[in-house]
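Right, one structure below, let's go through it.
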Amino acid sequence: MSGSCQISNFTRFTREMSDETLLYPAIEPFFSGHLKVSDLHSIYYEQCGNKNGLPIVFLHGGPGGGFSPRDRRFFDPKAYHAVLFDQRGAGKSTPAYCLEENDTWSLVEDIEKLRKHLNTERWVVFGGSWGATLALAYAEKHVERVLGLVLRGVFTLRKEEIDWFYQKGASFMFPEAWEQYLEPIPVVERSDLLSAYHKRLNGENQAEKVRCAKAYTTWQMTTSQLRPNPETLAMAADEKWSLALARIESHYLVNGGFMRPNQILEDAVSIVQGRYDVNCPPTTAWDLFKKIPTADFFIVDDCGHSAREVGITEKLVAVCDKYKSLKK
């Protein structure tokens, strides 16, 4: 099977269309609960759609971002048995924004524990941004359990990717937002912004911790869409959400994602990538495609990083619809 590279101009014709019209109707889970994955951590998960349908697991971004009710709607509820869960410390999982026993390979094994708990033999793995990183790591470790991969806004933890967004690169495109991101950090510490943020997000000063979490997440939300969305920006004002995303994500990034350098691209399939993705620039997705030439690679023009953008939403739903014919 050979892959293909396609450039989508879908948003040229649907610029005024809401992404909500492209998703399946809102749906409630038929089951929700917590799964104990260690002595410390319990992960919250939901099951939606058709109990006998094709299994698909949704891996959210961040790390630390959690999933939202909107994320249930990428999947045809008549065809898919969709499983969504909050990773350790994120969303409704407990304990909140905890960094202890929180690393990539623990999350990979949480996915596997959840699969076994649900008596699922194999499933499609859907991940965006950090979720794409985690999907690739899971596929590397448990390839026999993966029916297919749907990856959006690919991130592979290479130093140049991290430096681009958190140290120097994206700053040239969003100078006013960058100044707000810099503001909580003294000038003498700005040569290593991730470490400076990490230190404060794990300090004893709660007010400084919250201030830094909101500045950190505001930078992400401001840059995640080609046209900034007030609803997305408002997420950064939520104290619990900001602390979870900022603390857990910086914990992973200062530790190199708990992987050896370039590990994912050595081992790697549909890849959906926004042309103007500032958070996870297209060069990473392109490098991954060259490693997996059998993949289908979609560059979506007029889009940035967020799955909430019209063209990205349209393509993700289309890919999932295509995968409905896969055999369990």
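Since every read-out is calculated from the coordinates, none of them should be taken as a lab result. This one's a predicted model, so the numbers in the text were calculated from it and none came from an experiment. Using ideal geometry, Cβ is built from the backbone for each residue, glycine included, and neighbour counts are taken over all protein chains shown.
Couple of notes before you dig in:
- Spin-label model, V210/T294: points 7 Å from Cα along the beta carbon direction are separated by 5.2 nm.
- With the convex hull drawn around the C-alpha atoms of segment 159-256, the volume per residue stands at 94 Å³.
- Antiparallel DSSP beta bridges within the chain, percent to nearest 5: 30
- Each 5 Å bin, from zero up to the one with the longest distance, holds this percent of the alpha carbon pairs of segment 13-109: 3, 13, 22, 20, 16, 13, 8, 4, 2, 0, 0.
- Spin-label model, E121/D192: points 7 Å from Cα along the beta carbon direction are separated by 5.0 nm.
- Relative exposure of F85, F297, judged by other C-beta atoms within 10 Å (fewest first): F297, F85
- Hypothetical label at R70: residues of segment 23-56 whose amide nitrogen lies under 17 Å (7 Å Cα-Cβ projection): 23-28
- Rounded to the nearest 500, the 222 nm mean residue ellipticity of the chain from helices alone is -11500 deg cm²/dmol, with -39,500 (n - 2.57) taken per DSSP H run of at least 4 residues.
- Here the spin labels are modelled as points 7 Å beyond Cα on the Cα-Cβ line, and at T21 and L147 they lie 3.1 nm apart.
- Expressed as a fraction of 2.2 N^0.38 Å, the value expected for a compact globular protein of N residues, the C-alpha radius of gyration of segment 126-216 is 1.36.
- Listed residues T120, G169, S93: farthest to the positive end of the dipole of the chain (Cβ charges): T120
- Square roots of 5 times each gyration tensor eigenvalue, C-alpha, the chain, largest first, Å: 29, 23, 19
- Of the trypsin sites (Lys or Arg not before Pro) in segment 155-203, those whose Cβ has at most 13 other Cβ within 10 Å and which sit in DSSP loop: K168, R190
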